[in-house]
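Inspection log for the structure reproduced underneath, given as structure tokens.
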Amino acid sequence: MITVENIHKSFGDNQVLKGISAEFKPGTTSLIIGGSGSGKTTLLKCMVGLHEPTEGTVEYNNRNFTTMNFEERIAIRKEIGMLFQSSALFDSMTVEENIMFPLNMFTEQPKKEKLERVNLVLERVNLAGKNKLYPSELSGGMMKRVGIARAIAMNPKYLFCDEPNSGLDPKTAILIDELIKEITEEYDITTIIVTHDMNSVMGIGEYILFLHQGQKWWEGSKEEITSTHNQELNDFVFATKLMETLLKK
Ligand SMILES: Nc1ncnc2c1ncn2[C@@H]1O[C@H](COP(=O)(O)OP(=O)(O)OP(=O)(O)O)[C@@H](O)[C@H]1O
């Protein structure tokens, strides 16, 4: 469980987050949504320590991350997997080397054990045997799956994903969403996804946090989101005609 309490974040005079409180539960895919500039990425960065909140606290299973020193934070960071927009794979490394990277950085495991772990996670994302390929030899969807494999290599308790299906065709995007949801449930991970994608919201949004101008404007599930009377949320949800048509059916 991750709990954020009254998070504020300002950059100079720009008050980006204005007192966000929320709870993200294990085994659940939580989505942070909102318009461009509403503060989604800033909140995510405050949660993992890439930004320091101006005010407020972030707790990982009742451990106060905000007041921890550098060493204590490293222990938490080992429990966190991250999947970035671009997959952020190292181009000069093979699939196997990319996935082994966090294991080399954070563990003292013998090479054989690390390789076993790499093969296990590759199998989990349906890429068994692709060890020796380079990122340039992979499709966008495969790159995302390698990114997921690397994010779960350390057996994380927490998984943060920033726009995990950006740049993918809709069908592949759904497969990536489903894979993240399955892994979340299978390993009881607290997963937080920042997204613009309404397909993701309607597909895997178990808990949805809607930000508007740096505030928590609405929270709920995908089942509740279409029947809300919140104007700003409705504007966001029905921003695409296609979505409106689908929901009317
Ligand atoms: N490092 C920074 N320094 C100064 N301002 C920043 C910084 N990071 C973000 N901001 C400002 O914070 C605001 C919110 O940005 P953020 O990236 O969190 O929005 P977002 O909701 O993730 O947007 P998008 O959907 O476009 O990615 C913006 O006004 C942005 O300019």
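The values are calculated or read from the model by the stated rules, or taken from the named source; none is laboratory data. Note that the structure is a prediction, hence the values are computed from the model and not measured. Here the Cβ positions follow ideal geometry from the backbone for every residue, glycine too, while neighbour counts run over all protein chains shown.
Is it the case that residue 29 is part of a strand (DSSP E or B), surrounded by fewer than 17 Cβ atoms within 10 Å (Cβ to Cβ) and in contact with an Asp or Glu (Cβ under 8 Å, 6 or more places away or on another chain)? Even if it seems obvious, please write down each step before you answer.
Working: part of a strand (DSSP E or B): yes; surrounded by fewer than 17 Cβ atoms within 10 Å (Cβ to Cβ): no; in contact with an Asp or Glu (Cβ under 8 Å, 6 or more places away or on another chain): yes.
It is false that residue 29 is part of a strand (DSSP E or B), surrounded by fewer than 17 Cβ atoms within 10 Å (Cβ to Cβ) and in contact with an Asp or Glu (Cβ under 8 Å, 6 or more places away or on another chain).
State which residue is farthest from residue 74 (Cα to Cα) when the search covers only the stretch 36-58 and only residues that are surrounded by fewer than 16 Cβ atoms within 10 Å (Cβ to Cβ) and over 15 Å from the mean Cα position of the chain (by Cα).
At the first step, the residues of the stretch 36-58 found to be surrounded by fewer than 16 Cβ atoms within 10 Å (Cβ to Cβ) are 36-37, 50, 52, 54-55, 57.
From what's left, over 15 Å from the mean Cα position of the chain (by Cα): 36-37, 52, 54-55, 57.
On the way: 36: 31, 37: 29, 52: 15, 54: 21, 55: 21, 57: 17 Å.
So, considering only residues that are surrounded by fewer than 16 Cβ atoms within 10 Å (Cβ to Cβ) and over 15 Å from the mean Cα position of the chain (by Cα), the one farthest from residue 74 (Cα to Cα) is 36.
Applying the selection to the stretch 219-241, what residues are surrounded by 13 or more Cβ atoms within 10 Å (Cβ to Cβ) and farther than 15 Å from residue 202 by Cβ?
Selection gives 219, 230, 232.
List the strands (runs of 3 or more DSSP E) that sit entirely inside the stretch 54-162 and contain at least 1 residues that are on the phi > 0 side of the Ramachandran plot.
Working: elements: 55-60, 80-83, 158-162.
Those strands (runs of 3 or more DSSP E) span 55-60.
Among (1) touching a strand residue (DSSP E or B) at 6+ places or on another chain (Cβ under 7 Å); (2) surrounded by fewer than 15 Cβ atoms within 10 Å (Cβ to Cβ); (3) in contact (Cβ under 8 Å) with a residue 40 or more places away in the chain, there is one condition residue 93 misses while meeting the rest; what is its number?
(1)
Being assigned to a loop (DSSP other than H, G, I, E, B) and charged (D, E, K, R) is the filter here, so list the residues in the stretch 186-209 that pass it. Don't jump to the end; show me each part of the working.
Going through the stretch 186-209, the residues assigned to a loop (DSSP other than H, G, I, E, B) turn out to be 187-189, 195-197, 205-206.
If the condition is that a residue be assigned to a loop (DSSP other than H, G, I, E, B) and charged (D, E, K, R), then 188, 197, 206 are the ones that fit.
Quick one: how many residues across the stretch 42-57 are within 11 Å of the ligand (Cβ to nearest atom) and over 22 Å from residue 222 (Cβ atoms)?
The first filter runs over the stretch 42-57 and keeps only residues within 11 Å of the ligand (Cβ to nearest atom), leaving 42-46, 50-51.
Pick out the ones that are also over 22 Å from residue 222 (Cβ atoms) and you get 42, 45-46, 50-51.
The qualifying residues number 5.
Do we find a residue being within 13 Å of the ligand (Cβ to nearest atom), more than 22 Å from residue 189 (Cβ to Cβ) and of a type outside the set (D, E, K, R) anywhere in the stretch 67-81? I'd like the intermediate steps shown before the answer.
In the first step, residues of the stretch 67-81 are kept if they are within 13 Å of the ligand (Cβ to nearest atom); the result is none.
No - not one qualifying residue is present in the stretch 67-81.
Among the residues that make up the stretch 84-101, is at least one of them within 16 Å of the ligand (Cβ to nearest atom) and modelled with pLDDT of 95 or more?
no
Residues checked against (1) small (Gly, Ala, Ser); (2) in contact with a strand residue (DSSP E or B) (Cβ under 8 Å, 6 or more places away or on another chain); (3) free of Cβ contacts under 8 Å to residues at least 40 places away in the same chain:
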| residue | (1), (2), (3) |
| --- | --- |
| 124 | no, no, no |
| 128 | yes, no, yes |
| 131 | no, no, yes |
| 146 | no, no, no |
| 151 | yes, yes, no |
| 159 | no, yes, no |
| 168 | no, no, yes |
| 173 | yes, no, yes |
| 176 | no, no, yes |
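I need every pair where a residue in the stretch 42-68 that is in contact (Cβ under 8 Å) with a residue 12 or more places away in the chain has its Cβ under 6 Å from the Cβ of a residue that is outside any loop (DSSP other than H, G, I, E, B) and basic (Lys, Arg), sequence separation at least 6 or different chains.
Filtered contacts from the stretch 42-68: 42/9; 46/9; 49/73; 51/45; 53/9; 54/9.
Looking only at residues that are more than 8 Å from the ligand (Cβ to nearest atom) and over 26 Å from residue 231 (Cβ atoms) in the stretch 1-23, which one is surrounded by the fewest Cβ atoms within 10 Å (Cβ to Cβ)?
So the residue we want is 13.
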